[in-house]
Every structure is written in structure tokens, then in C-alpha cells.
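The structure appears right after this line, and notes come after that.
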Amino acid sequence: MTGEPVLEISGLKVVFSTPDGPVDAVRGVDVSVRRGETVAIVGESGSGKSQMMMASIGLLASNGRSSGSVRLEGREILGLSSRELDRVRGRRVTMIFQEPMTSLDPLFRIGDQLAEPLMVHGGLSRGAAKARALELLRLVGIPEPERRIQSYPHELSGGQRQRVMIAMAISNNPAVLVADEPTTALDVTVQAQILALLADLQKRLGMAIVFITHDLGIVRRFADRVYVMRRGEVVEQGETARILAAPQHDYTKMLLEAEPTGTKAPPPADAPVVVSARDVHVTFKMPAGMFKPPHLVRAVDGVSVELKRGQTLGVVGESGSGKSTLGRAILKLTPAAGAIRFEDRNLAPLDRAAMRPLRKSMQLVFQDPFGSLSPRMTVGDIITEGLLVHEPQIDRAAREARAAQALTEVGLDPASRNRYPHEFSGGQRQRIAIARAMILEPAFVVLDEPTSALDRSVQREIVNLLRGMQERRGLTYLFISHDLAVVRAMADEIIVMKDGLAVESGPTRQIYEEPRQDYTRNLIAAAFLSRRAEAA
């Protein structure tokens, strides 16, 4: 580290114009990043972390405006035209976004998307770019890179998609890499690999990293300095060791102490079975190239589950283990073999039309909230869309009242229903997705990484919210997550998946305290590494 600043942000302000008036997202912040340094920007959802960096590189939404100064390698870039910024973005400064599915084009193969910035900014030929793309996939730990380079984004797990985004961001050796929650979608073991990869690249290339995160365990291990943001302002800054060992601001102290706690009360022994699945199999045919037979991937291989009314079953495992595919198979959103029953009704013979009346009672909260929320609809319209389908008899006033109630339940201001998804933080968007599911008063909800985009304090609030809803309504949850600390606070029982198989299952306490499989023990050890680091 030379001490030479490569990125200087001074007096930056960001304001969004909304139907309810202007919203001050960033209120005059100053941030400096030196070459070879890692600076962490931490704070709760909505604190302005991401919007500060989006404004700095000219990626604000159309209703946002910024003022102040942003200097990259001594050059003022705030206010540059799109054409001028395109010469900088992708070459001298790159950004890894929190939600990778919205950043990858669903119509193009992964290899083509990785090759494009190499050809545009790096001047490589198509052949050289494809070779470099394959090398990058290996670097970020994508399994079977020779086959995955031909895949489309929807054929990858959430964690694998994030790794592709990291590969794309580092492809041209930028001076500054902005990483916006880059490990949010990754399981704990791969998270450690990605952090090690970024640290190695930084050491070799002298690259500065701006690391936006809510995980203070990662900050402790990875960042040189920290800026703590709250409500658009920097409330504390300094060397990482000092900030985390002796925080001065009450808000910083609160962030360090926040963590989901407690355990869930089990359902009554005589509670009725709501969902049962026996010997579920899901197999995907993946293209293997010209004149070669398709490659068969057993995403779920003979898994069985049973959930009672009021029960939460946690499904854990690394990215690509089949967790999300199992949830979608149970909801009949993915073709599957096996016996699946919902409230004593056999779902196997039901087609799409026959399943529609049951959709109200079987809801899904997606891992990627931004990808599942229409950018052209207000939050109020998004939340009430299901009511138009399943309860068409109620009038607009009743729908508005239900939307306000749903938003209040998930901790959002009902007045925000006139705003659009891009005006919210990642954590707030996830709460909107939860509200959309819960407004239909379902009996069974598949929660696919529902807290992955949330900071620690909000994770705790959402866990308490979900447990409270479950207790009041008798809800049944299938809780899919790679965050074992959150699963411990949510689940009665846990099933551990690896390569499509259920390698271990049992009551939550037994899985955590007496795991039988080495794979489970490794997951638990990795999951609580950052928690122990914070307590150290």
C-alpha cells in the first residue's frame, strides 16, 4: 500500500425524486481509498452504502441525482457523459452487484458474457477471450468450467451466478473493484474461497477494493479500514481493528451485537401433516456440445421430507447442492418424479391449470428479490397482484388496506407502496417479497434464502417476524439457506444436502451439536467462523 489515493469521494449527495417527495439517500459523505487497500462500507439496509457507490460510477436510476465530487486516479468522473464513463467502467473501475441474476443477460451463454468485456476493454480476439473466460471460471471455483461456460444464467445456482459476476469484474484487472455484498449468495465454504481469491488478486495487481457488506465478520478478516453508514451519513470511520475492538458510536456497537438468537418452539406432536414428499428426483439435461449426448445432472436424487402444520424444516448445503430445486419441485414449479402431497391431495397428476387454485396456499419467497419484482410496477401493485388473481371479488380500497397491513407486518412504511423497487435497498426489497407472499395468507411457504440480502440486525428482525407469523397463523415453512446461524434460529428439523442427496437429517439441536457426517461438520465450522471472529 503506497498511501496514494485512487478513489476520492467528497461531499457526495444522492437524492431520489418520488411521488411522495424527495428522498435523501446519501447526505454529503467523504470516502478515500488508497491503492492496494480494502475499504469496507458497512451499515444496515437503506443506509446508503450501495447508492453512494452507484452514484460514484454513474449508475443511478433515472429519478436519482447526485452532487459533490468523485475523483478516480485523479480524474473527476462525477457528471461525465455515458460515453465517457463507458471508457472507465469495466476497465479502471468495475462493480460486482448484490443480485447477479439481474446483471447477467438470460439470452446469452456465460462464456459469451465473460468474453465481451475482454474483447471490448481488453482488445482480445474472440478465441483469446474465450480461453481467458475459461481460466476465470476456474479461478472463481466454478465446477466443471468446460461445461459451465456453455450454460445460461438460469442453469446456475445463485452462488455460481455470483462467482461468474466476480470473474467478469476482475477480467480486465481494474484499479478499483467495488464489491456490493459479493458473498451474499455464496455458501460459507465458497465464501472463504472467494475472499481468499480477491485478496490474492489484490496483492498481485495492486487493486483497491471497496467492500460493501453487512457481515462484520468478513470486515474483520478482509478490510483495512471501515466506514460505518447510517441514514445516508458516515457516523464512524477508522482502522478496522480499532473500530471493531473499541467502537465509539452507539450505532456501530449495535451492529456488532446484532445476531439472530433464540430457538423456535416445536409444533404439537399431533399436528397434521401439511406437505409430504417421497423419493423426489429432479434430473436436468445439459447440452454437452455438437455430436455428443446431453449431460444428465441429478439435481435432487431420491429426497424425502414431511412437514407438519406449524413446523419449519431447514434445508442447508453448499451452492448447487439441490436445495432450491427441492423446494421448487415440492411446489410443482420444476418437473419432478416422486410422490408429493399437499394437505392430503396428490399433486402428481395435476397440470398447471389444476394447480392454480392451490397456488394461493403454497407460496415462494425467491432468493433474488430484485429479479422477482417488476421494475415497472409500484410496490403496492406488486404486493396486491396476487389478490387480483386469487381474490378478484375484493375492491381496490380493500386491496390497498391489505397492502398497507402487509407492509407494516414486514417493517416497512405503508406510504412506501407508491415507490418502485429500485428505490429500495436489497434488504427492503426482500421484505417486499415476503409481504407479497404473506398477503395471500398461505398455509405453506418455501423461503429460499429469505435473509441472504439482509444485514445482521434486520436478519434478527425478519427471523422474529417469520416466527411470529408462523405462531399466529400456523404456517409451515421450508427454509432454504446457507446461513446456518439463521437456520438454527428458525428450524425444528434440518436436512443437509450435497450433490442432490440428503446426506444427513434430524432435529436442529442434534445436527448442530452431534453431526454425523464430516460434510455437516465442515459446514458448521465454516458458518460460525465469522461469528467467532466478531466475538474475539
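The values are calculated or read from the model by the stated rules, or taken from the named source; none is laboratory data. Just so it is clear, the model here is predicted, and its values are computed rather than measured. Here Cβ is always computed from backbone atoms with ideal geometry, including for glycine, and neighbour counts include all displayed protein chains. Remember, those area values only see protein heavy atoms, side chains included, never the ligands or the DNA or RNA. Shrake-Rupley method; radii C 1.70, N 1.55, O 1.52, S 1.80 Å.
Placing +1 on the Cβ of each Lys and Arg and -1 on the Cβ of each Asp and Glu in the chain, which of PHE108, HIS390, VAL297 has its Cα farthest towards the positive end of the resulting dipole? Result: PHE108. For region 149-216, the equivalent ellipsoid built from the Cα gyration tensor has semi-axes of 20, 15, 10 Å, listed from largest to smallest. Between the residues ASN172, PHE444, VAL15, the greatest Cα displacement towards the positive end of the dipole of the chain, with unit charges on the Cβ of Lys, Arg, Asp and Glu, is found for ASN172. Figure note: LYS264, LYS203 ranked by solvent-accessible area, largest first, 1.4 Å probe, ligands and nucleic acids not counted: LYS203, LYS264.
Each Lys or Arg adds one and each Asp or Glu takes one away; over the other residues whose Cβ falls under 11 Å from the Cβ of LYS13, this sums to 0.
Adding -39500 (n - 2.57) for every DSSP H run of four residues or longer, then dividing by how many residues the chain holds, sets the calculated 222 nm ellipticity at -11000 deg cm²/dmol. Measuring nothing but protein heavy atoms, the accessible surface of the chain at 1.4 Å probe radius is 49 percent carbon and sulfur. Look at the dipole of region 226-322 built from charges on Cβ: of VAL273, ALA258, VAL315, the Cα furthest out on the positive end belongs to VAL273.
Size of region 404-505 from its Cα atoms: along the principal axes, largest to smallest, the extents are 46, 27, 23 Å. Of the listed values (i) 23.1, 69; (ii) 23.8, 81; (iii) 30.8, 110, grab the one calculated as Rg and Dmax of the Cα atoms in Å from the structure here. The listed entry that was calculated here is (i).
When only the Cβ of Lys, Arg, Asp and Glu is charged (+1, +1, -1, -1), the dipole of region 186-331 relative to its Cα centre reaches about 400 debye. Is the shape of region 1-111 best called rounded, prolate or oblate, per the rule: a/c under 1.5 gives rounded, else a/b larger than b/c gives prolate, else oblate, with a ≥ b ≥ c the square roots of the Cα gyration tensor eigenvalues? Rounded.
Rolling a 1.4 angstrom probe over the protein heavy atoms, how many square angstrom per residue are accessible across region 211-323?
Roughly 48 Å² per residue, with all protein chains present.
The angle separating the long axis of helix 379-390 from the principal Cα axis of greatest extent in the chain is about 20 degrees. Computed across region 203-286, the Kirkwood radius stands at 17.5 Å (inverse of mean 1/r, all Cα pairs). Counting only Cα atoms, the size of region 56-166 along its three principal axes is 46, 29, 22 Å, in decreasing order. The overall shape of region 303-425, judged from the alpha-carbon gyration tensor, is prolate: a/c is not under 1.5, and a/b is greater than b/c. Solvent exposure of region 358-464 amounts to 35 Å² per residue of accessible area, where only protein heavy atoms count and the probe is 1.4 Å. Net charge in the neighbourhood of ALA403 (other residues with Cβ under 14 Å of its Cβ; Lys, Arg +1, Asp, Glu -1) is -1. For region 377-536, a crude dipole built from +1 on the beta carbon of Lys and Arg and -1 on the beta carbon of Asp and Glu, taken about the Cα centre, is about 260 debye to the nearest 20.
Using only side-chain charges placed at the Cβ, +1 for Lys and Arg and -1 for Asp and Glu, the dipole size of the chain relative to its Cα centre rounds to 840 debye. Take region 11-152 with all the other protein chains still there, run a 1.4 Å probe, and you get 44 Å² of accessible area per residue. The number of Lys pairs in the chain with C-alpha atoms less than 26 Å apart, excluding pairs fewer than 8 positions apart on the same chain, is 23.
Between 0 and 90 degrees, rounded to the nearest ten: what's the tilt of helix 396-409 against the longest Cα principal axis of the chain? Once rounded, the angle reads 70 degrees.
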